[in-house]
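Asks: Quick one: structure below, then a few questions.
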Amino acid sequence: MASQTSTFTSCMHDQMLESNREDVKLEAMRCITVMTAKGRLSVPRTLFPHIVKNVSSKNPELKKLIYLYLTNFADQEPDLALLPVATLQKSIKNPNPLVRSSALKVLTSMRLNILTAIFMATLRNSVNDLSPYVRKTVAHSIIKIYRLDPSLKPDLVEYIERLLNDKNSMVLSSVVAAFDVVCPERLDLVKKHYHRFCFILADCNEWGQVLMLKLLARCIQDGLGEDPKILLRSAKPLVHSNNSAVVMAVIKIFIAIANHNEVRSTITRPLLRMLVSHREIELVVLNMIEELTTLSDSQLESSRSNEESLNVTPIPDNGIDKESEEENGIDGEEAKEEEAKEAKVKEAEAKEAEAKVVEAKVVEANEVEAKVVE
């Protein structure tokens with residue numbers, strides 16, 4: 001069987017790739033892709049010259065498979081990998097933005113140091129492309145080029161700074177990822193975009209929201225965010241996200257900069273909702289609940305002092321208006337004492353409820369463990 005496979009690989013694939021029929025070439029590339037993925041094609045490099053010849057094919061399915069092959073094996077045949085570069089550069093100028101994006105993605109995925117100059121020239125022309133798909137690919141390409149040659153960081157930071165001005169949420173999600181890899185220390189580049197990033201949070205994709213939330217939280221902690229309340233208002237609706245990473249990122253922001261009562265009212269239900277999820281997520285949530293329930297009064301006071309230093313004005317939980325208090329003849333200090341008492345009662349009830357949840361989960365885990373042992 002092995003000899004038949006090797007014979008088929010060495011003879012049939014070469015002949016099929018040299019065929020004049022596109023469907024035959026496509027079938028050959030499908031077989032090569034499957035056999036390579038299964039490890040049955042031990043020397044795929046022997047097919048490289050025949051595959052490179054078809055990189056200019058008009059068949060989109062065939063072109064995708066050839067691009068996949070180039071991405072995976074270009075570094076094994078650096079000399080032959082230079083052959084399709086001219087064709088890829090030509091495709092980057094194609095009127096179809098999806099073709100331009102795919103060609104740019106493949107070109108910058110060829111891990112060859114000799115091509116870095118071509119990569120940079122291509123980015124220079126594509127960073128201002130009219131299509132957001134191409135600009136998004138530029139952002140991803142920045143990460144790949146930086147990992148290939150870190151000495152190009154100054155030029156790549158310039159492209160990142162330019163892309164941070166983009167108005168498309170899809171592009172911003174990608175460029176924030178590039179920022180996090182290439183120049184996470186350059187928060188000064190983000191400061192002028194703080195308000196715009198807060199308002200565009202809801203439009204970003206889920207993983208873009210995670211990166212954006214972490215970036216904005218860093219701006220607040222470093223004193224670069226002008227108004228933390230804007231971030232809290234923009235992030236609060238995201239606690240209803242179906243992505244647990246987004247919810248956890250929002251929770252961490254509220255713990256860091258919101259007042260204690262607002263933290264409790266905002267994060268309790270999302271935490272409980274995530275408890276009926278995968279076990280890995282449950283473990284993270286239980287650890288966070290345990291941490292929250294063991295916060296000491298001194299830590300809470302420290303949290304409140306941090307809020308004051310950040311100029312975050314706590315929102316009263318009971319919605320009492322000061323003017324209505326005066327009209328009803330209620331003394332201000334007495335009202336504050338009542339609020340404090342109610343807050344303590346609510347806090348105690350919340351702690352008790354969360355403790356019961358944790359205890360129930362522990363009991364359930366012990367029962368499961370006992371069944372497994374039996």
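Asks: Could you go through region 165-182 and let me know if any residue there is touching a Gly at 6+ places or on another chain (Cβ under 9 Å), crowded, with 18+ Cβ neighbours inside 10 Å and not assigned by TED's automatic domain parsing to the domain that holds residue 128.
Replies: Scanning region 165-182, I find no residue that is touching a Gly at 6+ places or on another chain (Cβ under 9 Å), crowded, with 18+ Cβ neighbours inside 10 Å and not assigned by TED's automatic domain parsing to the domain that holds residue 128, so the answer is no.
Asks: Okay, next question. Given (1) assigned to a helix (DSSP H, G or I); (2) modelled with pLDDT under 85, identify the lone condition not met by residue 41.
Replies: (1)
Asks: Looking at this structure, is residue 285 at pLDDT below 80, β-branched (Val, Ile, Thr) and part of a helix (DSSP H, G or I)? Even if it seems obvious, please write down each step before you answer.
Replies: Details: at pLDDT below 80: no; β-branched (Val, Ile, Thr): yes; part of a helix (DSSP H, G or I): yes.
So residue 285 fails the test.
Asks: Quick check on residue 200: is it surrounded by 23 or more Cβ atoms within 10 Å (Cβ to Cβ) and either out of contact with any His (no Cβ under 7 Å at 6 or more places or on another chain) or over 25 Å from residue 232 (Cα atoms) (or both)?
Replies: On the way: surrounded by 23 or more Cβ atoms within 10 Å (Cβ to Cβ): no; either out of contact with any His (no Cβ under 7 Å at 6 or more places or on another chain) or over 25 Å from residue 232 (Cα atoms) (or both): yes.
Here the answer is no, as residue 200 does not meet what is asked.
Asks: Another question, then. Given the conditions (1) assigned by TED's automatic domain parsing to the domain that holds residue 180; (2) touching a helix residue (DSSP H, G or I) at 6+ places or on another chain (Cβ under 6 Å), report the number of the one that residue 118 does not fulfil.
Replies: (2)
Asks: Among residues belonging to region 96-133 that are under 17 Å from residue 60 (Cβ atoms) and among the aliphatic types (A, V, I, L, M), point out the one that is surrounded by the fewest Cβ atoms within 10 Å (Cβ to Cβ).
Replies: 98
Asks: Hey, any hits in region 142-158 for a residue that's out of contact with any Cys (no Cβ under 8 Å at 6 or more places or on another chain), closer than 24 Å to residue 93 by Cα, among the aromatic types (Phe, Trp, Tyr) and part of a helix (DSSP H, G or I)?
Replies: yes
Asks: Can you tell me which of 58, 38, 64, 25 is crowded, with 20+ Cβ neighbours inside 10 Å and outside the structural domain of residue 145 (by TED's automatic domain parsing)?
Replies: Values: 58 fails: crowded, with 20+ Cβ neighbours inside 10 Å; 38 fails: crowded, with 20+ Cβ neighbours inside 10 Å; 64 fails: crowded, with 20+ Cβ neighbours inside 10 Å.
It is 25.
Every residue, every condition in (1) modelled with pLDDT under 80; (2) within 23 Å of the chain's Cα centre (by Cα); (3) part of a helix (DSSP H, G or I), yes or no:
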| position | (1), (2), (3) |
| --- | --- |
| 250 | no, yes, yes |
| 253 | no, yes, yes |
| 265 | yes, no, yes |
| 269 | no, no, yes |
| 277 | yes, yes, no |
| 281 | no, yes, yes |
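Asks: Would you be able to say whether some residue in region 229-242 is crowded, with 18+ Cβ neighbours inside 10 Å, part of a helix (DSSP H, G or I), polar (S, T, N, Q) and outside the structural domain of residue 135 (by TED's automatic domain parsing)?
Replies: Within region 229-242, one or more residues are crowded, with 18+ Cβ neighbours inside 10 Å, part of a helix (DSSP H, G or I), polar (S, T, N, Q) and outside the structural domain of residue 135 (by TED's automatic domain parsing).
Asks: Mind counting the residues in region 185-221 that are within 20 Å of residue 143 (Cβ to Cβ), out of contact with any Lys or Arg (no Cβ under 8 Å at 6 or more places or on another chain) and not in a helix (DSSP H, G or I)?
Replies: The qualifying residues number 5.
The values are calculated or read from the model by the stated rules, or taken from the named source; none is laboratory data. As the structure is a prediction and not an experimental result, all values here were calculated from the model. As a convention, Cβ positions derive from the backbone with ideal geometry for all residues, glycine included, and neighbour counts pool all protein chains shown.
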